[in-house]
Amino acid sequence: MIEQSTIVRARLDLSYDGTDFSGWAAQPGLRTVQGVLEDALTRILRQDRAPRVTVAGRTDAGVHARGQVAHVDIDLDSWERLPGRAPRSPAEGLASRLDGLLPDDVVIKAVSIAPEGFDARFSATQRRYAYRICDGVPDVLTRRHVARVRRPLDVDALNRASATLTGLRDFAAFCRGREGATTIRDLLELSWRRESDGPDAGLVVATVRADAFCHSMVRSLVGALLAVGEGRRDLDWLEVVAATEGRSSAIAVAPAHGLTLESVAYPDDSSLAARAEATRGRRTLP
């Protein structure tokens, strides 16, 4: 006979406007996404201690998310009480209760029971970010999520420069290092396009995909590439910068508000646990 687990792992799919947050991670005295989410869960679950929420990508202060993913472990008794008297599932009950407590700049898109082996952070196979830039006349209504540059951008030059940075490599020059943490990442895509229609019409948009990112990596990559796209630097300069051991002081980090986490990808359910175990291992270059 298989014993029923006393813990339910809930997957939370959410979006947020990062403008008024000091990033994802909870910090004493600061308003963070993790902080307001854990406060809401504490009230809903009627617990003395906040439940720990684990996230796929810990965004910096001012960075937005359209497709963030997190998980939280909830004891079975609390989970089964979530529907209340309404004819709904516990997942629907949690989503509804969070919607009633969270501020307007955080939206819970879906709540579901996570498959066995799921870890929002370690099971992820890739994260996709977009960085939006206006190099023309700005739209005042998009100023909270679009960065502005004063010089026209050469999209072809941006793509040529970006092609030299993709693949599995050490991105120490573009990261704020943490003691004991690796800066080796597999940068799957770094591409630029000028949008011709839709809500981003006229903007230059970078798509950045990797298996994972280290602290400040995307904004540092964008900052270095903008120097080339504006004609202030060339590919030789970028090559020297990229080869720097440790964080490069030559890079001007791009503003946070232009960056949005668009989506997080996971393998099929049968591979979730294996992916999480592999991700936890320290990576080295071949």
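For this structure, a couple of remarks:
- Test: residue in the range 38-52 that is surrounded by 21 or more Cβ atoms within 10 Å (Cβ to Cβ) and either aromatic (Phe, Trp, Tyr) or touching an Asp or Glu at 6+ places or on another chain (Cβ under 6 Å) (or both): no
- Unique match (being within 19 Å of residue 120 (Cβ to Cβ) and under 12 Å from the mean Cα position of the chain (by Cα)) among 55, 36: 55
- Members of the range 217-262 found to be among the small types (Gly, Ala, Ser) and in a helix (DSSP H, G or I), listed by number: 220, 223, 224, 227, 229, 242, 256, 258
- Residues of the range 174-199 that turn out to be more than 20 Å from the chain's Cα centre (by Cα) and either surrounded by 17 or more Cβ atoms within 10 Å (Cβ to Cβ) or part of a strand (DSSP E or B) (or both), as a count: 2
- Among residues of the range 22-70, those that are of a type outside the set (Lys, Arg) and farther than 22 Å from residue 212 by Cα, counted: 18
- Cβ-Cβ contacts under 6 Å between residues 6 or more apart (or on different chains), taken from a first residue in the range 103-123 that is more than 21 Å from residue 260 (Cα to Cα) to a second residue that is surrounded by fewer than 15 Cβ atoms within 10 Å (Cβ to Cβ), are listed as 115/269.
- Breaking point among (1) within 15 Å of residue 132 (Cα to Cα); (2) in a loop (DSSP other than H, G, I, E, B), for residue 208: (2)
- Residues within the range 191-210 that are modelled with pLDDT of 95 or more and not small (Gly, Ala, Ser), tallied: 9
- Selected residue [in contact with a strand residue (DSSP E or B) (Cβ under 7 Å, 6 or more places away or on another chain), farther than 22 Å from residue 255 by Cβ and modelled with pLDDT of 95 or more] from 188, 158: 188
- Hits in the range 15-43 (condition: among the hydroxyl-bearing types (Ser, Thr, Tyr), without any contact (Cβ under 8 Å) to a residue 60 or more places away in the chain and within 17 Å of residue 257 (Cα to Cα)): 22, 32
- Within the range 155-170, being part of a loop (DSSP other than H, G, I, E, B) and within 17 Å of residue 128 (Cβ to Cβ) holds for 165, 166.
- Residues of the range 2-33 satisfying the condition of being in contact with a Gly (Cβ under 6 Å, 6 or more places away or on another chain) and assigned to a helix (DSSP H, G or I): 18
- Among the residues examined, residue 236 qualifies as of a type outside the set (A, V, I, L, M, F, W, C) and closer than 19 Å to residue 153 by Cα.
- If you check 274, 265 for being within 30 Å of residue 203 (Cβ to Cβ) and modelled with pLDDT of 95 or more, only one passes: 265.
The values are calculated or read from the model by the stated rules, or taken from the named source; none is laboratory data. Nothing here was measured: the structure is a model prediction, and the numbers come from that model. As a convention, Cβ positions derive from the backbone with ideal geometry for all residues, glycine included, and neighbour counts pool all protein chains shown.
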